[in-house]
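The values are calculated or read from the model by the stated rules, or taken from the named source; none is laboratory data. Computed from a prediction, not measured in an experiment: that's the story for all the values here. In this analysis, Cβ positions are derived from the backbone assuming ideal geometry, glycine residues included, and neighbour counts consider all displayed protein chains. Accessible surface is based on the protein model in full, side chains and every heavy atom, while ligands, DNA and RNA are left aside. Shrake-Rupley method; radii C 1.70, N 1.55, O 1.52, S 1.80 Å.
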Amino acid sequence: MSGSSAGLKPPADAVKPVRHPDAPAPGEALGAHYEQCFGCGHEQSHGLHLEARAGEGVSLTAEFTVQPAHQGAPGLAHGGVLATALDETLGSLNWLLRTIAVTGRLETDFVRPVPVGTALYLEAEVTAVAGRKIYSTATGRIGGPDGPVAVRADALFIEVEVGHFVKNGRKEEIQAAMSDPDQARRARAFEVNP
C-alpha cells in the first residue's frame, strides 16, 4: 500500500517472519478463532462468517460474501465492515506464527465500492517481525483472486499475553472460553482482539 504511515514501516532491524512448525498446512481451513467473533464466528447471525485458509509461508487467503446486513449506502458494503474483514484476515495470520497478538494500527484504502451479494476475496501476509511487533498487509478483490482490487490495508499487530484478555474482557465470556476443554479452541479464542 503506498502512502502508509511511518508507524507501519518495519524498522531496519526487523526480520523475515517464520511460519510456526505447528501452523496449519497450506490450503487448510483455519476455522473460527472464537464462535462469537463478528468476523469469523459462526454463532453471529449478522457476522461476516469469514473463511480463511493457510497459504504458503506466512500468508493466507480468506473470503466472505457481503450480506444485506452489511450495508452502508443502499446496496453497498459499509466501509467499517470492509475494514473489519481486513482486520480479521490480517489477525488470522498470527495463527500461522502461533502468536497471540492484537491490532495496534490498521490503515485501509477503499479503492472501489463493493456491492451487496459480492464475494470479497482477501489475500494477506506477514511482511516483517520486530520484537513484539508484527507487520502485515492485505488486499481484497471483488469476485476472486483475479478480480479488481476493492480494498487494501497495512497493519501492525502487537504480541500480548493471555492476561491482556483476562484483565480487559467481560468476565463471563473469559471464563467460558478459558474453561473450554478443547485446548486448541481455547488458545484460538484469544488469538485476535484489540
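Name every residue in the range 82-108 that is under 10 Å from the mean Cα position of the chain (by Cα), polar (S, T, N, Q) and either at pLDDT 95 or above or open to solvent by less than 20 Å² (accessible area, probe 1.4 Å) (or both), in order of residue number. Selection gives THR89, SER92, ASN94. The residues in the range 114-144 that are of a type in the set (Gly, Ala, Ser), closer than 20 Å to ARG98 by Cβ and out of contact with any Lys or Arg (no Cβ under 8 Å at 6 or more places or on another chain) can be counted, and the count is 4. Scanning the range 1-34 for residues that are touching a Lys or Arg at 6+ places or on another chain (Cβ under 7 Å) and assigned to a helix (DSSP H, G or I) yields GLY7, LEU8.
All conditions in (1) more than 23 Å from HIS70 (Cβ to Cβ); (2) modelled with pLDDT of 95 or more; (3) surrounded by 15 or more Cβ atoms within 10 Å (Cβ to Cβ) hold for GLU159, with the sole exception of (2). Regarding HIS78, is this residue free of Cβ contacts under 8 Å to residues at least 40 places away in the same chain, touching an Asp or Glu at 6+ places or on another chain (Cβ under 7 Å) and closer than 22 Å to ALA119 by Cβ? So HIS78 fails the test. Pairs are defined by a Cβ separation below 9 Å, a sequence spacing of at least 6 or placement on different chains, a first member in the range 84-105 that is under 16 Å from VAL151 (Cβ atoms), and a second member that is aromatic (Phe, Trp, Tyr) and open to solvent by 10 Å² or more (accessible area, probe 1.4 Å); the pairs so defined are THR84/PHE38; GLU88/PHE38. For the range 35-53, a residue qualifies if it is open to solvent by less than 70 Å² (accessible area, probe 1.4 Å) and either in contact (Cβ under 8 Å) with a residue 24 or more places away in the chain or outside any loop (DSSP other than H, G, I, E, B) (or both), and the qualifying residues are CYS37, GLY39, CYS40, LEU48, LEU50, ALA52. Within the range 56-69, the set of residues being open to solvent by 10 Å² or more (accessible area, probe 1.4 Å), under 14 Å from the mean Cα position of the chain (by Cα) and not aliphatic (A, V, I, L, M) comprises SER59, THR61, GLU63. The set of residues in the range 109-131 that are under 13 Å from the mean Cα position of the chain (by Cα) and either open to solvent by 50 Å² or more (accessible area, probe 1.4 Å) or more than 12 Å from LEU50 (Cα to Cα) (or both) comprises GLU123, ALA124, GLU125, VAL126.
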